[in-house]
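To start, the structure itself, in structure tokens.
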Amino acid sequence: MATSRASATASGRRVAGQKSMAEGGSVAPTPRLRDIKSSEGRRLKTGIKEFDFVLGGGIVPGSMVLVGGEPGIGKSTLLLQVAGRLQELGRSTLYVSGEESALQVKLRAERLHGSAEDVSLLNETLLETILATAGSQQLDAIVVDDNRRPLTDAGLGVIRQHVRAVQAAMDARGIAAGSATAARLFS
């Protein structure tokens, strides 16, 4: 006997041949917004006025921030400045450069008058190596500057995959998003 699959539309009518909304999913918690603990006041201010302003007052602990823009506008310089400021504020910081050599990053740091000289550097593009290296150290922040190519839809897809991989690595280690441990990794 053949069975017909059907799902409900917004009007509540069932449409033959379509999956229902619940197929393949699981029930997730739905807390009230008023019950979610605020990180206000816990934002990490870098001291870079415009950067902190754009982020609503600083970096939210446990967050990932994507900085995008046209080639040559200063994204790498800004990210190195942010890494330097975090290090100056006593936050152990790893700067991951996916395109520039160690010498290129050092020369940029020198142009910033030494504010980034104590930042640890990793020249790497392989996400697994970046995660393994970061996981082997007691870091407060990781700044990843991966390349100078414009962001495309395919690039966004890669970022989504990398975010999922980071989330899976955190889950495998029992690190909850928004937890104090996550805050140390991404703040």
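Derivation of every value follows stated rules applied to the coordinates shown; laboratory data play no part. In this text, all values refer to a predicted model and were calculated from it rather than measured experimentally. Cβ sites come from the backbone with ideal geometry, for glycine too, and all protein chains shown count toward neighbours.
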*residue 104-residue 45 FRET efficiency (beta carbon distance; Förster radius 30 Å; 0.05 resolution)*: 0.60
*Debye-sum result for the stretch 57-111 in log10 I(q)/I(0), which assumes one identical scatterer on each alpha carbon, at q = 0.24, 0.25 Å⁻¹*: -1.18, -1.26
*In debye to the nearest 20, how big a dipole does the stretch 64-186 give about its Cα centre with +1 on each Lys and Arg Cβ and -1 on each Asp and Glu Cβ?*
180 debye
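Kindly put 162, 113 in sequence by how many other C-beta atoms sit within 10 Å of each C-beta, fewest to most. Mind showing how you got there, number by number?
Numbers: 162 16, 113 9.
Sorted ascending by nearby Cβ count, the order is 113, 162.
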